[in-house]
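S.K.: Quick one: the structure is below, and I'll ask about it shortly.
Computed from the coordinates by the stated procedures, all read-outs in this text should not be read as laboratory data. All values derive from a computational prediction rather than experimental measurement. FYI the Cβ positions are ideal-geometry reconstructions off the backbone, even for glycines, and counts take in every protein chain you see.
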Amino acid sequence: MFDAQAGSRMLYTGYLYTMRDGTLKRLINDSFQFTDIFPVYFCGPSFKGTLPLGACGPTTTARMEKFFPWLIENGFRVIIGKGSLSRNAIDAIRGKMVYWLAVGGVGAFYGERVKYYETVAYEELGPEALLKVYVEDMPLFVGVDKWGNKVI
Amino acid sequence: MLDVIKGLLYKSLYAIRPDMKDYIRSCLEGEISDIEREILEIYIRNENVSQSYNVPLCQDTGLVTVYLSHDIAKNITVNELEKEIASYMKTLNMRNSQVTSPLVHENMGDNQIPFIKIISSWQDMVGVQVSGAGSELQGFVLTFTGSSTTKDIIHAIVPEVIRRFPKSCPPVMIGVGMGGTLADAALLSKLALFRKIGQFHSDEVVSQFERDLLSAIREQSDRGAQGIVGGQCGVAHVAAEYVPSHIAGFHVAVSFQCYLTRSWWSHV
């Protein structure tokens, strides 16, 4: 899937890590070591209601651009979020990390795709905790491919 | 009154405003790319999932602001209303999105302080607005001198809007507030979001400004739903409000609202 071209549609089944502003700040401060590498989903779930994580759509990826070098250094190859990236960010990830686009503002729709999750770290951060999540048939688009081509 | 506010808050979190739904449907009837079509169809499906599972449309249930016209506010104790709304918010499965302060990023755990504003220009009206970060953080203010023309304003605003709106889950509604103090301009940009999509200002000059701004954005941006390149449905509407300004200059504030258009109002 790392080779998929910008604009390709996919249904992802597998594990994800959820991260966002507060999570990434802590991970870097703590020099957190990952034993497994999964796609990183920029998301802060609502945790409430009758779905495992409640609503859990993507958050704005542009806010995470400053963390891209750390993600690349730590072996992450796929990031998932919503919205456009700066030209500099696209240049920085070209060939190293791809950006998959989730549809923003549809947290309930993505919540239905979550089958189970576990908290890996930082429970006290609430929606910003580091979670390992298993999703089935999560609709995504390739926003920026490994060659730096984009649809966003 | 409380029941009306509760109803508006529920709709803000669990329903897409009918005028935006009409706009989305009109986009789906047009010639759009497969990606943009799928995104818009997911928007509509999300509403069904949200209501079936009692999970808000978007996990970012944001900050809640309640607007009261001055005549309604006269008969209300604001602190009590704040408590009643805060208590109702706990039943809506909202995310704990608030931290203690901008400087101390500590999650408050149980949310939720609704912000209450009294609007002197409104009559017999209440409104509820839910601001998620995707839209809220793209808002901005520019300052102009007294000699600035409509053309100058549009020329300065459009590049900023084009840079920002693709991050706000388009199709977006754009609210513009002009004149008064910095605070007035910002508040007016929020109040403009209560306008219906497709409805322009009753003042002819302002209406023309809205139309010109909307045309300029659409002509100069190729971003559609979710900010997709080559999209057709990025900006649903522009609404502007104004108050008198100083002879020396004025502020123009711009607020965005995502496709959920979480600004609901009711006449009471």
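S.K.: Looking only at segment B:217-232, filter to residues that are of a type in the set (S, T, N, Q) and not in a loop (DSSP other than H, G, I, E, B); which one of those is nearest to B:V158 (Cα to Cα)?
M.R.: So, considering only residues that are of a type in the set (S, T, N, Q) and not in a loop (DSSP other than H, G, I, E, B), the one nearest to B:V158 (Cα to Cα) is B:Q220.
S.K.: Give just the number: which of (1) out of contact with any helix residue (DSSP H, G or I) (no Cβ under 8 Å at 6 or more places or on another chain); (2) assigned to a loop (DSSP other than H, G, I, E, B) does B:C169 not satisfy?
M.R.: Among (1) out of contact with any helix residue (DSSP H, G or I) (no Cβ under 8 Å at 6 or more places or on another chain); (2) assigned to a loop (DSSP other than H, G, I, E, B), B:C169 violates only (1).
S.K.: Is it true that some residue in segment B:49-68 is under 30 Å from A:K150 (Cβ atoms), within 14 Å of chain A (Cβ to nearest Cβ) and among the acidic types (D, E)?
M.R.: For segment B:49-68, residues under 30 Å from A:K150 (Cβ atoms), within 14 Å of chain A (Cβ to nearest Cβ) and among the acidic types (D, E): present.
S.K.: Related question: I'd like to know if segment B:60-77 contains one or more residues that are at positive phi, under 17 Å from the mean Cα position of the chain (by Cα) and surrounded by 15 or more Cβ atoms within 10 Å (Cβ to Cβ).
M.R.: yes
S.K.: Could you grab the pairs with beta carbons closer than 9 Å, sequence gap of 6+ or different chains, first residue in segment A:106-118 and without any contact (Cβ under 8 Å) to a residue 40 or more places away in the chain, second one among the acidic types (D, E)?
M.R.: As it stands, the answer is A:R113/A:E136; A:R113/A:D137, since those pairs meet every condition given.
S.K.: When both residues are 6+ apart or on different chains and their Cβ atoms are under 8 Å apart, which pairs have a first residue that lies in segment B:105-130 and is in contact (Cβ under 8 Å) with a residue 24 or more places away in the chain, and a second that is among the acidic types (D, E) and surrounded by fewer than 18 Cβ atoms within 10 Å (Cβ to Cβ)?
M.R.: B:I113/B:E82; B:P114/B:E82; B:I116/B:E82; B:Q123/B:D71; B:D124/B:D71
S.K.: Return the residues of segment B:81-132 that are in a helix (DSSP H, G or I), out of contact with any helix residue (DSSP H, G or I) (no Cβ under 6 Å at 6 or more places or on another chain) and either within 14 Å of another protein chain (Cβ to nearest Cβ) or more than 17 Å from B:R262 (Cβ to Cβ) (or both); say none if nothing qualifies.
M.R.: Passing the criteria: B:L81, B:E82, B:K83, B:A86, B:S87, B:M89.
S.K.: Counting only residues that are away from chain B (no Cβ under 13 Å) and over 25 Å from A:L11 (Cβ atoms), give me the helices (runs of 4 or more DSSP H) lying completely in segment A:46-152 with at least 1 of them.
M.R.: Numbers: elements: A:68-73, A:87-93, A:107-111.
Here the list reads A:68-73, A:87-93.
S.K.: Also, I was wondering about something else. Filtering segment B:219-262 down to residues that are in contact with a Phe, Trp or Tyr (Cβ under 7 Å, 6 or more places away or on another chain) and away from chain A (no Cβ under 14 Å), which residue is nearest to A:S8 (Cα to Cα)?
M.R.: Filtering segment B:219-262 for residues that are in contact with a Phe, Trp or Tyr (Cβ under 7 Å, 6 or more places away or on another chain) and away from chain A (no Cβ under 14 Å), the one nearest to A:S8 (Cα to Cα) comes out as B:V235.
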